[in-house]
Ligand code: F0G
């Protein structure tokens, strides 16, 4: 999926002047009147005219993209915004519980169109759950997934196993698994569905279309997204670049990408070293130097937000382009900030996994810096479902200090400011009633 000449990732480009493009974004609303048709129901394929790489009848869907943009004044207050300004885009409502289904429906569609029978990915858990689900529901391909041993949350591992994917646990982390899956898929001719695959990003563009749809086609001021392998941020940049080119929006929101402090390659390169797009010629030598230094110091990614525990993001260059196109910024947040933000999301909404809460923690930081104004309109992308990683959640709320120390203390998390602790009582009616009266 890389260019033979320069080695960089390929992009999907369309001859828009030869395609039927809608006159206005609101034209897509017509699709809803035909919800009985699976392609109109799909939150990806009802925007087919904006990702028309195969005819719509051939597009694979398992009902992805039925997501919600929820206004959340509770979380808004926590991050320092005025009422009505903060929105949470719940991608955990997808069939496999994360945003990955948007991209998987597109990559899967392309894989089928070229006759693939096996598909592979390396994953911190959600890509693998998504691929495994598409394979098991459609029975169209076999899934081969690579995960770092002990590096994947149980909710996600349980999905891959349950859906029947061939699951290869590598003695290493995501960056190791990614390097291996590229070699193996080349050697064995297996279709690769990681976000090195440009069709994945085509599907992920639709997250932005649905945000716009929920805002009645008004462009928000900010999109805030966690950064791992940087597929989402790259896709969002491409989406707005194309919408502008097509005259369907007159401006783009600003983009904020939030790294975990323990996996902060993008933050270091962009904010500390000034890496930028430079008209398509970002400083590749500086990136190589950064990675060489990282290897020399044996630095590995480490964060409770295991979904974004990635030090070598494959979409780095496309992401740099997105930052340029959307006048973006990058920030890093600690595991403490992530878990506190996650508890706030859970208390005021549908909940999310740790990586997703980086977007809320990052928004709080940017509001405190004055980069995001309290009266702006901000959309935080909640990338994965709350049930993906119950261990992190239970450890945060626990009364068991040993469990807290084991799961979180070792990562520098010192307190659980928003813990909702279970009340322990003996199995006695009077004691139970007393406890309820005391705490309610
Ligand atoms: N949030 C969640 C819940 C994720 O699973 C991921 C990536 C990200 C954020 C980061 O998104 O890569 O587009 O910057 N998970 C991948 C996986 C790497 O294998 O499931 P990104």
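Data overview
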read-out: Flag if residue 51 is farther than 24 Å from residue 145 by Cβ, crowded, with 24+ Cβ neighbours inside 10 Å and within 15 Å of the ligand (Cβ to nearest atom); value: no
read-out: Residue in the range 57-70 that is modelled with pLDDT of 95 or more, within 11 Å of the ligand (Cβ to nearest atom) and under 17 Å from the mean Cα position of the chain (by Cα) present; value: no
read-out: Residue list for the range 99-117, restricted to those being outside any helix (DSSP H, G or I) and buried (at least 24 other Cβ atoms within 10 Å of the Cβ); value: 99
read-out: From 224, 211, residue being part of a helix (DSSP H, G or I) and over 16 Å from residue 11 (Cα atoms); value: 211
read-out: Failed condition for residue 128, given (1) in contact with a helix residue (DSSP H, G or I) (Cβ under 8 Å, 6 or more places away or on another chain); (2) over 22 Å from residue 393 (Cα atoms); (3) within 15 Å of the ligand (Cβ to nearest atom); value: (2)
read-out: Test set (1) more than 24 Å from residue 88 (Cα to Cα); (2) touching a strand residue (DSSP E or B) at 6+ places or on another chain (Cβ under 6 Å) - residue 60 fails condition number; value: (2)
read-out: Condition check for residue 96: in a loop (DSSP other than H, G, I, E, B), at pLDDT 95 or above and surrounded by 24 or more Cβ atoms within 10 Å (Cβ to Cβ); value: yes
read-out: Verdict on residue 261 being within 16 Å of the ligand (Cβ to nearest atom), surrounded by fewer than 24 Cβ atoms within 10 Å (Cβ to Cβ) and at pLDDT 95 or above; value: yes
read-out: Residue ID - surrounded by the fewest Cβ atoms within 10 Å (Cβ to Cβ), chosen from residues in the range 190-208 that are within 16 Å of the ligand (Cβ to nearest atom) and in a loop (DSSP other than H, G, I, E, B); value: 196
read-out: Filtered residue count, the range 227-263, keeping only those that are part of a loop (DSSP other than H, G, I, E, B), farther than 22 Å from residue 45 by Cβ and touching a residue at least 40 places away in the same chain (Cβ under 8 Å); value: 9
read-out: Any hit, the range 292-313, residues being more than 16 Å from the ligand (Cβ to nearest atom), surrounded by 15 or more Cβ atoms within 10 Å (Cβ to Cβ) and over 18 Å from the mean Cα position of the chain (by Cα); value: yes
read-out: Single condition residue 247 does not satisfy, out of (1) closer than 30 Å to residue 395 by Cβ; (2) surrounded by fewer than 14 Cβ atoms within 10 Å (Cβ to Cβ); value: (1)
read-out: Test set (1) under 25 Å from residue 198 (Cβ atoms); (2) in contact (Cβ under 8 Å) with a residue 12 or more places away in the chain - residue 332 fails condition number; value: (1)
read-out: Odd one out for residue 205 among (1) modelled with pLDDT under 95; (2) within 29 Å of residue 255 (Cβ to Cβ); (3) out of contact with any strand residue (DSSP E or B) (no Cβ under 9 Å at 6 or more places or on another chain); value: (1)
read-out: Qualifying residues in the range 133-142 (those that are touching a helix residue (DSSP H, G or I) at 6+ places or on another chain (Cβ under 9 Å) and over 12 Å from residue 105 (Cα atoms)) - the one surrounded by the most Cβ atoms within 10 Å (Cβ to Cβ); value: 141
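The values are calculated or read from the model by the stated rules, or taken from the named source; none is laboratory data. Everything quoted here is computed from the prediction, not taken from an experiment. Every residue, glycine as well, gets a Cβ built from its backbone with ideal geometry; the counts of neighbours run over all protein chains shown.
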